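Here the structure comes first, spelled out in structure tokens, and everything after it is commentary.
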């Protein structure tokens with residue numbers, strides 16, 4: 001039981017490049033979220049999903065896209081990377097039956113130069 | 001815009017003392033409150049959560065809610081150097097359509113010195 005896995009752990013991008021951050025969970029949780037954390041800041045919600053085929057924007061969605069074709073996977077796509085997207089990205093899962101317990105992935109540290 | 005505010009610190013306490021961390025929130029209808037601990041370079045881990053109906057104690061940790069003043073506190077008794085970390089406060093808004101989304105504060109850095 002791996003919980004929430006994220007790949008890659010680290011990545012350096014050049015301005016204008018694109019990439020996909022992968023997130024996979026094996027807990028059969030309906031809810032999945034992508035947060036970003038900038039240095040000295042709390043976490044900001046980018047996108048979330050309440051089940052396969054259903055996604056919605058969070059607080060800071062610009063420059064990102066998501067898809068949720070299966071319960072297990074929730075990839076985050078960055079198009080045309082910008083320095084402002086330098087951050088640590090966390091994938092998080094939760095369950096409506098889980099009494100508000102949420103499970104964090106280990107994070108992806110992204111630098112855009 | 002619903003907000004959660006924390007004093008970023010750093011808060012420094014001696015080993016064995018009580019560390020008190022506070023968090024204010026703007027959404028008066030919020031009903032769930034969370035404290036996460038985050039070590040440097042790691043992902044946040046949930047320490048405690050409380051609902052609007054009361055305080056909670058778990059070992060050395062106590063979470064308290066003051067609904068009238070809209071703040072949540074976390075007390076750490078007998079602080080240990082291993083408690084040194086950033087503590088994040090998070091609030092879940094009221095309503096069935098919140099879908100577990102949380103609003104986080106910016107975190108308070110706690111340092112416990114021997």
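The values are calculated or read from the model by the stated rules, or taken from the named source; none is laboratory data. Source: prediction; values computed, not measured. Every residue, glycine as well, gets a Cβ built from its backbone with ideal geometry; the counts of neighbours run over all protein chains shown.
Structure data summary
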{"quantity": "Identity of the residue in segment A:25-49, assigned to a loop (DSSP other than H, G, I, E, B) and touching a residue at least 40 places away in the same chain (Cβ under 8 Å), that ends up surrounded by the most Cβ atoms within 10 Å (Cβ to Cβ)", "calculated": "A:29"}
{"quantity": "Extreme residue, modelled with the lowest pLDDT, among residues of segment A:82-113 that are under 11 Å from residue A:4 (Cα atoms) and facing chain B (nearest Cβ under 7 Å)", "calculated": "A:102"}
{"quantity": "Enumerated strands (runs of 3 or more DSSP E) restricted to segment B:9-114, each holding at least 1 residues that are under 22 Å from residue A:33 (Cα atoms)", "calculated": "B:19-25, B:32-38, B:45-51, B:85-92"}
{"quantity": "Qualifying positions in segment B:1-38 - loosely packed, with under 13 Cβ neighbours inside 10 Å, within 14 Å of chain A (Cβ to nearest Cβ) and within 17 Å of residue B:74 (Cα to Cα)", "calculated": "B:10"}
{"quantity": "Only listed residue being more than 10 Å from chain A (Cβ to nearest Cβ), under 26 Å from residue A:47 (Cβ atoms) and surrounded by 20 or more Cβ atoms within 10 Å (Cβ to Cβ), chosen from B:72, B:112, B:91", "calculated": "B:91"}
